[in-house]
Amino acid sequence: MFYERALITKKVALVPTMGSLHKGHEALLKRSKEIADVTIASLFINPKQFDSHKDYARYPTSIDSDLNIFEQNKVEIVFMPDKNEMYNPNFNSVIKINDLNNELEGNYRKGHMDGVSTVVMKLFNIIKPNIALFGEKDFQQLKVIEKMVYDFSMDIKIEPVQTVRDSNGLAVSSRNILLNKNQRISAQSISKSLKLAIVAFKKGKVLTNEVCKIVIDYLDKIEEVKLEYVTIRTLDTFKEIKSIKGPFVLLIAAYVGDIRLIDNYVFR
Ligand code: PAF
């Protein structure tokens, strides 16, 4: 479909997705409809952000149901490029937001954050949105995109949307579909451990190693759950801190069986 932002005087919002849509994506689409006149959703499983071929190959797909969800949420345009359209055979560039891209997710999943910033830069340049919406569940991703937009003076407003959880507290994610029944129950312990840590903080624990230890000790007892990292960072600088003095985010990554999940709790 022909589309030219210059011809549209209305506010255009982009909701980038890799498909396999869930309630978290719907929250992004709903927010987009509130703040923009035109919502464009992209659906592209970006090979560059997977650190293993196995993970890429088993990433869930559900195109028919995704297109239905876009339609139900009154998305005006769906951008669904194929791999060669996004990356021509000579494509050889990387957008690297130094420091941020190599930490946490970028450290444990080598190249992951570079893949995200590269594809999002491309999506921004192709679609030229005024606004782009990202879920807080991928908190580091949100920070990377905010920094990229700032550093490259891009005229795009980044709109964060709160994490959506199921009734047991599990943060909704496309990967949840890969969990079997028992693993789904074990996975609930991730958000429970975050809640326990926050309760301890509210009761007066401010040393981050003590707050993180609550998460470590709790998850240690849960079969099938293997903690990868837990860390506390300031909300604005995203730097790791020793003691909590202001707004922060508690971030966690853990394996349930061989499914890797991330979650976080934002304290403003
Ligand atoms: O959050 C995601 O689904 C992906 O990382 C994104 C932003 C669509 C880039 O591929």
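The values are calculated or read from the model by the stated rules, or taken from the named source; none is laboratory data. What you see is a predicted model; the values in this text were computed from it and never measured. Every residue, glycine as well, gets a Cβ built from its backbone with ideal geometry; the counts of neighbours run over all protein chains shown. For accessibility, only protein heavy atoms count, side chains too; no ligands or nucleic acids. Shrake-Rupley method; radii C 1.70, N 1.55, O 1.52, S 1.80 Å.
Listing for the model above:
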{"quantity": "Coil-residue chymotrypsin sites (Phe, Trp or Tyr not before Pro) of the range 1-110, DSSP, other Cβ within 10 Å capped at 12", "calculated": "PHE2, PHE91"}
{"quantity": "Nearest-0.05 FRET efficiency for LYS239 and GLU71, computed from C-beta distance (R0 35 Å)", "calculated": "0.25"}
{"quantity": "Cα centroid separation - the range 53-115 against the range 209-263, whole Å", "calculated": "25 Å"}
{"quantity": "Area accessible to solvent at ILE69, 1.4 Å probe radius, in Å²", "calculated": "20 Å²"}
{"quantity": "At least 27 Å along the helix axis (C-alpha) and Kyte average at least -1.0, DSSP helices within the chain", "calculated": "181-202"}
{"quantity": "MRE, 222 nm, helices only [DSSP H, n ≥ 4, -39500 (n - 2.57), over the chain, to nearest 500]", "calculated": "-11500 deg cm²/dmol"}
{"quantity": "Prolate/oblate/rounded label for the chain (Cα gyration tensor, a/c 1.5)", "calculated": "prolate"}
{"quantity": "Ranked packing of 16-23, 199-206, most packed first, by mean Cβ within 10 Å", "calculated": "16-23, 199-206"}
{"quantity": "Shape call, the range 153-268: gyration tensor on alpha carbons, a/c limit 1.5", "calculated": "oblate"}
{"quantity": "Gain on full stretching of the segment that runs from LYS30 to ASP217 - 0.36 nm per residue minus C-alpha separation", "calculated": "63.5 nm"}
{"quantity": "Tensor-based shape of the range 89-158 (alpha-carbon gyration tensor, a/c under 1.5 rounded, otherwise prolate or oblate)", "calculated": "oblate"}
{"quantity": "Stretchable slack from LYS181 to LYS96, in nm (0.36 nm times residue separation minus alpha-carbon distance)", "calculated": "26.8 nm"}
{"quantity": "GNM top mover of LEU179, LEU250, LEU29 - the chain, alpha-carbon springs below 10 Å", "calculated": "LEU179"}
{"quantity": "Among ASP99, ASP66, ASP220: highest mean-square fluctuation, GNM of the chain, C-alpha pairs under 10 Å", "calculated": "ASP99"}
{"quantity": "Förster radius 45 Å - calculated FRET efficiency between ASP51 and LEU196, Cβ distance, rounded to 0.05", "calculated": "0.90"}
{"quantity": "For the chain, built as a Gaussian network whose Cα springs stay under 10 Å, the top-fluctuating residue of ASN130, ASN102, ASN168", "calculated": "ASN168"}
{"quantity": "Sparsely packed chymotrypsin sites (Phe, Trp or Tyr not before Pro) within the range 204-268, loop by DSSP, other Cβ within 10 Å at most 12", "calculated": "none"}
{"quantity": "Relative contact order, percent, the chain [alpha-carbon distance under 8 Å, six or more residues apart]", "calculated": "16 percent"}
{"quantity": "Residue-span extension gain [THR9 to ASN88] - 0.36 nm each, minus C-alpha spacing", "calculated": "25.3 nm"}
{"quantity": "ILE145, ILE45, ILE216, ranked by accessible area, largest first (probe 1.4 Å)", "calculated": "ILE216, ILE45, ILE145"}
{"quantity": "The range 188-268: GluC sites (Glu not before Pro) in DSSP coil with no more than 11 other Cβ atoms inside 10 Å", "calculated": "GLU223"}
